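The values are calculated or read from the model by the stated rules, or taken from the named source; none is laboratory data. Just so it is clear, the structure is predicted and the values come from calculations on it, not from any experiment. A quick note on method: Cβ atoms are made from the backbone with ideal geometry, for glycine too, and the neighbour counts reach across all protein chains shown. These accessible areas exclude ligands, DNA and RNA; they are computed on the full protein's heavy atoms, side chains included. Shrake-Rupley method; radii C 1.70, N 1.55, O 1.52, S 1.80 Å.
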Amino acid sequence: MPETNETAQPETLVSVRDLSLDFDTLSGPLHALRNVTLALPKGRITGLVGESGCGKSTLAYSLIGLLPGNASIVGGEIAMDGLDLAHLRASEWRKLRGTRIAMIFQDPMTSLNPVTTVGQQMLDIQYRDRSSRAEKRAKAVEFLEQVQIPDPESKLDVYPHQLSGGMRQRVCIAMALLTQPDLLIADEPTTALDATLEMQIVDLLKELQGKFGCSVLFVSHHLGTVAELCDDVAVMYAGEVVERGTARQIFHDPAHPYTQALFECDPGRIREATRELPTIPGTLPDLRRPPRGCAFRARCPHAWPRCADEHPPLYLRDEGHDARCHLLDETEAVA
Amino acid sequence: MLYYAGQRLVLSVVIVMVAVSILTLMMHVVPGDPAVMILGPRATPELIEQTRVAMGLDKPLPIQLLTFFGNILRGDLGQDVFTGRPVSRIVFEQLPYTLILISVSILWSAALGILLGAYSALRRNTWLDTLTGILSVGTISIPAFVMALYAVLIFAVWLGWLPAIGAGRGFWDGISHLILPAFAIGVAWVGYVARIVRASMLEVMGEPHVRMARAFGLPERRITRSHILKIAVQPAVTLLGTGVAHLFSAAVFVEVIFARPGIGALIVSAVNERNYPIVLGAVLVTTGIIVLATLISDLVVAWLDPRQREGM
Ligand SMILES: Nc1ncnc2c1ncn2[C@@H]1O[C@H](COP(=O)(O)OP(=O)(O)OP(=O)(O)O)[C@@H](O)[C@H]1O
Ligand SMILES: [Mg+2]
């Protein structure tokens, strides 16, 4: 089912091509990302879903250069305005962070500096601006207002531990937006919050993204939230992106058996308040020795011999919708 | 902050009072009559009775305690058994020597320890980190008096660079007399502080707010200062505050070895002469200073970390 309103391809902000990343571990390299290819369009929200351990955070952190010390990018590139983010020096990263790329983290309780006031932290991140202290303060108040924090002026002198979890995450969002980034990365920003707060934060993110027009990469376990918030969705499995498409395409016409298993073939269930991904029988393959063929083969109800031998490429399902599954191979269908 | 400081001050006074009560009680629990102990075995019964009355030992214990507190509040710590001079004057004559020795020891060892600890944490597994680690463990396990003996032997006797005995006269002479004792007392603390700062730095460096600061592109130096160090020095500050007690006992040995005047030397000679009022007075003042040091370190931590202010 082609989308008439999505035929005009939006411009791409960040283009991840064939990105492979290893973690150096005691028992050898762990291939956490394998040939990840993903485009983040300008001004849209891209959801990244998948089971725990499939590499969502690793991909998110590689987009802001905050990978752990034992990570090394072994192939591919991350293109953004002529820069290759996969091979940036530390000093070049520092110029991008807090100017063009910002990030919101999972745990608002520990993401703010506990020994500095909220206001001081909001001033600190404006250290590049030449404006006066009063102007920076005014800007901080303005953005606390944007995230609907009551009485923002007084919150400047408050320490993080004096705020609730929801309020702290709002402060984090305010700080991220204050830097006016082109790309906002959010790694499970609502997982640590309860359901009501989660909806509030998601609504807020949607509203503010519309207002500021930045691109967002939204990592989440919660399919309902992704359906609510995201324009596009990428599904990851065992270090690979196994399906990409618009939210509509993914939720109404999931092509990969893994995606189908996630939804349990029932799109109606997605909007229910299931906060965690449904559990699929079986476990993730060992990323130190990824299987030769399709990574999902062992858990796939439709697996056939070809899946064991041949690694599936991204087959086109539809305009802007593709998936790594041999079932989609049209030449097979003909045979 | 002010409220917190007030609370802590009241608590400190209570602690000192309890400590004083225990001390006084201990004087009574010790077998034998304090008057007999002071006067020696050859004293006549009349003299003993006289002394008992003079010391107020004939009154009931609670009264004695109250009198004692009252006297302390008036700055009266009793008299020297032999010379009759006020104990408070004797103690406060000696106190500055020890205070200077301890303060200088703390300052140089804390400064160097924090520097080395921070550097080891930031440059983990470099040769300096390894060297600091080895030296820390080495110096921690050597007692201050051994360090003092070797310091005297090497730098004073053998090389002859620094004076070995006394406190010196005048500013520069005083400083040259301070170097060896302050080195002997402080060197183990460099190791302690470096170890503890390194460990807590490594812990704080892994905290999410540090990663968040990086995500905003804050300069590393600023992250180190206001995100990492400000939290990571707290255990070291607490350690130094409680460590003042250990420094006093180290000072006892070091003052004797260097023949320096000071509280330590005073206590040692008073104990030898069974000059109990002086022992009691000196211990009392020391206790007060130790409690004060703990109070100061708690206040510094509270000043660094708002979460500590609300803990009480
Ligand atoms: N520093 C590291 N060293 C070694 N392995 C790591 C490291 N960080 C992550 N991994 C491994 O890489 C894989 C991907 O981890 P990642 O954190 O990206 O998963 P995730 O999809 O974000 O999971 P979650 O939903 O639990 O956050 C996992 O198998 C994980 O064990
Ligand atoms: Mg994650």
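Structure data summary
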item: log₁₀ of I(q)/I(0) at q = 0.08, 0.09, 0.12 Å⁻¹ - chain A, Debye sum with one point per alpha carbon; result: -0.39, -0.50, -0.87
item: Rotationally averaged projected area of the range B:2-73 (alpha carbon convex hull; nm²); result: 5.6 nm²
item: Distance histogram in 10 Å bins (all Cα pairs of the range B:146-190, percent per bin); result: 30, 53, 16
item: Cβ neighbours within 10 Å from other chains - mean over B:215-228; result: 6
item: Protein heavy-atom accessible area occluded, B/A pair - total, 1.4 Å probe, Å²; result: 2200 Å²
item: As computed over the range A:101-227, the Cα convex hull volume per residue (Å³); result: 97 Å³
item: For the range A:106-129, residues shielded by at least 30 square angstrom of accessible area compared with the chain on its own, probe 1.4 Å; result: A:T110, A:S111, A:N113, A:P114, A:V115, A:D124, A:I125, A:Y127
item: Å² per residue, accessible surface of the range B:2-73 at 1.4 Å; result: 67 Å²
item: Given chain B, longest segment not containing exposed loop trypsin sites (Lys or Arg not before Pro) (DSSP; at most 15 other Cβ within 10 Å); result: B:170-273
item: Per-selection Kirkwood Rh - the range A:78-144 (Cα, Å, 1 d.p.); result: 14.1 Å
item: Accessible surface, per residue, of the range B:218-257 when the full set of protein chains is kept, probe 1.4 Å, Å²; result: 40 Å²
item: Solvent-accessible area, 1.4 Å probe, carbon plus sulfur percent, for the range B:171-312; result: 66 percent
item: Accessible carbon and sulfur surface of the range A:1-159 relative to its total accessible area, %, 1.4 Å; result: 51 percent
item: Hull shadow area, averaged, chain B [alpha-carbon convex hull, nm²]; result: 20.7 nm²
item: Shielded residues, the range B:166-213 - accessible-area loss of 10 Å² or more between chain alone and all protein chains, probe 1.4 Å; result: B:P208, B:H209, B:R211, B:M212
item: Size descriptor, Kirkwood hydrodynamic radius, that averages inverse alpha-carbon separations across the range B:228-271, Å; result: 11.9 Å
item: Residue-normalised accessible area of chain A, given per residue in Å² at a 1.4 Å probe; result: 42 Å²
item: log₁₀ of I(q)/I(0) at q = 0.10, 0.20, 0.22 Å⁻¹ - the range B:195-312, Debye sum with one point per alpha carbon; result: -0.49, -1.04, -1.15
item: Tilt relative to chain A, helix A:165-178 - C-alpha long axis, 0 to 90 degrees, to 10; result: 90 degrees
item: Crossing angle, helix B:234-257 versus chain B [Cα axis fit, 0-90 degrees, rounded to tens]; result: 50 degrees
item: The range B:130-155 versus the range A:54-69: alpha-carbon centroid distance in Å; result: 45 Å
item: Percent RCO, i.e. relative contact order, over the range A:113-218, from Cα pairs under 8 Å lying at least 6 residues apart; result: 28 percent
item: Mean shadow area of the protein assembly as shown over all directions, Cα convex hull, nm²; result: 40.4 nm²
item: Unit Cα scatterers, Debye sum, the range B:1-139: log10 I(q)/I(0) for q = 0.09, 0.16, 0.20 Å⁻¹; result: -0.55, -1.00, -1.26
item: For chain B: relative contact order, % (alpha-carbon pairs under 8 angstrom, 6 or more apart); result: 25 percent
item: Carbon/sulfur fraction of accessible area - the range B:1-112, other protein chains in place, 1.4 Å, %; result: 73 percent
item: Proportion of all alpha-carbon pairs of the range A:114-180 beyond 13 Å (%); result: 58 percent
item: Filtered chymotrypsin sites (Phe, Trp or Tyr not before Pro), the range B:18-119: DSSP coil and at most 12 other beta carbons within 10 Å; result: B:F82
item: Alpha-carbon gyration tensor eigenvalues x 5, square-rooted, for the range A:1-138, Å; result: 29, 23, 16
item: Spatially proximal aspartates and glutamates relative to B:K59 (Cα-Cα < 13 Å; intrachain offsets below 8 disregarded); result: B:E49
item: Nonlocal Lys pairs with alpha-carbon distance under 24 Å, the range A:1-148 (8 or more apart, or different chains); result: 4
item: Length-normalised contact order of chain A in % [C-alpha pairs under 8 Å, at least 6 apart]; result: 20 percent
item: Angle in degrees between helix B:276-304 and the longest Cα principal axis of chain B, rounded to the nearest 10; result: 20 degrees
